[in-house]
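Notes follow the structure.
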Amino acid sequence: MSKKAKLEVGDSVFYPSAGVGKIETVEDVYIAGTIDPCYVIRIKESGMVVKVPQANVARSGIRPLLSTRKLKELSRTLEGECARRVTGGNWTERCKDLERRINGSTSIELAEVVRDLLTWKIQSGLSFEESMLLETASTYLSHELAAVKGITPDAAYEEIVKLVSKNAESKEVA
């Protein structure tokens with residue numbers, strides 16, 4: 001779906017820093033002296049409720065879930081080449097970039113982060129910060145994939161690991 005896609009009540013969406021949720025209703029909320037229509041989104045995993053002004057949807061990073069048409073692209077991304085791990089330089093900047101990509105990106109970019117971190121874990125291990133980022137990214141991606149495919153998040157995570165491991169293990173041996 002394009003960024004201009006109109007969200008409606010009942011749509012499942014990805015909410016940055018929280019995960020997969022469902023738009024329950026649109027409610028008028030008094031904000032800074034005006035009344036703005038807001039999406040009321042319930043995050044499935046935590047039960048948290050978030051209200052987002054409709055005018056701020058694009059800026060907040062809320063996006064529709066991966067379409068079933070894009071599942072093949074997601075699989076190709078997970079099976080694809082891992083980005084080269086830069087071990088020198090500023091690791092803080094690398095982690096900030098990964099976090100930015102996790103929280104404000106498309107499902108394909110999220111898959112790239114999961115693929116890279118899983119591959120690095122298989123090949124040489126991860127730092128504590130990278131491990132935490134992997135946990136967050138893989139949780140978001142597995143919940144999104146589970147919602148799209150109608151399977152459990154655990155089954156979705158197993159699919160993700162299986163796809164990434166195909167390429168990661170072959171590169172490790174080489």
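A few notes on this one:
- Considering each residue of the stretch 132-139 in turn, at least one proves to be exposed (fewer than 14 other Cβ atoms within 10 Å of the Cβ) and either assigned to a helix (DSSP H, G or I) or touching a Leu at 6+ places or on another chain (Cβ under 8 Å) (or both).
- The stretch 23-32 - residue that is under 12 Å from residue 50 (Cβ atoms) and among the hydrophobic types (A, V, I, L, M, F, W, C) and, of those, surrounded by the fewest Cβ atoms within 10 Å (Cβ to Cβ): 29
- Single match in 9, 50, 20, 13 (criterion: over 16 Å from the mean Cα position of the chain (by Cα), surrounded by 11 or more Cβ atoms within 10 Å (Cβ to Cβ), of a type outside the set (Gly, Ala, Ser) and part of a strand (DSSP E or B)): 50
- Scanning the stretch 62-79 for residues that are exposed (fewer than 15 other Cβ atoms within 10 Å of the Cβ) and part of a loop (DSSP other than H, G, I, E, B) yields one hit, 67.
- Selected residue (only one of 100, 94, 84, 115 is assigned to a helix (DSSP H, G or I) and surrounded by fewer than 15 Cβ atoms within 10 Å (Cβ to Cβ)): 100
A short reminder: the numbers here are calculations on the coordinates, not readings from a lab. From a predicted model like this one, the values you see are computed outputs, not experimental measurements. When we count neighbours, we look across all protein chains shown, and the Cβ atoms used for this are built from the backbone with ideal geometry, even at glycine.
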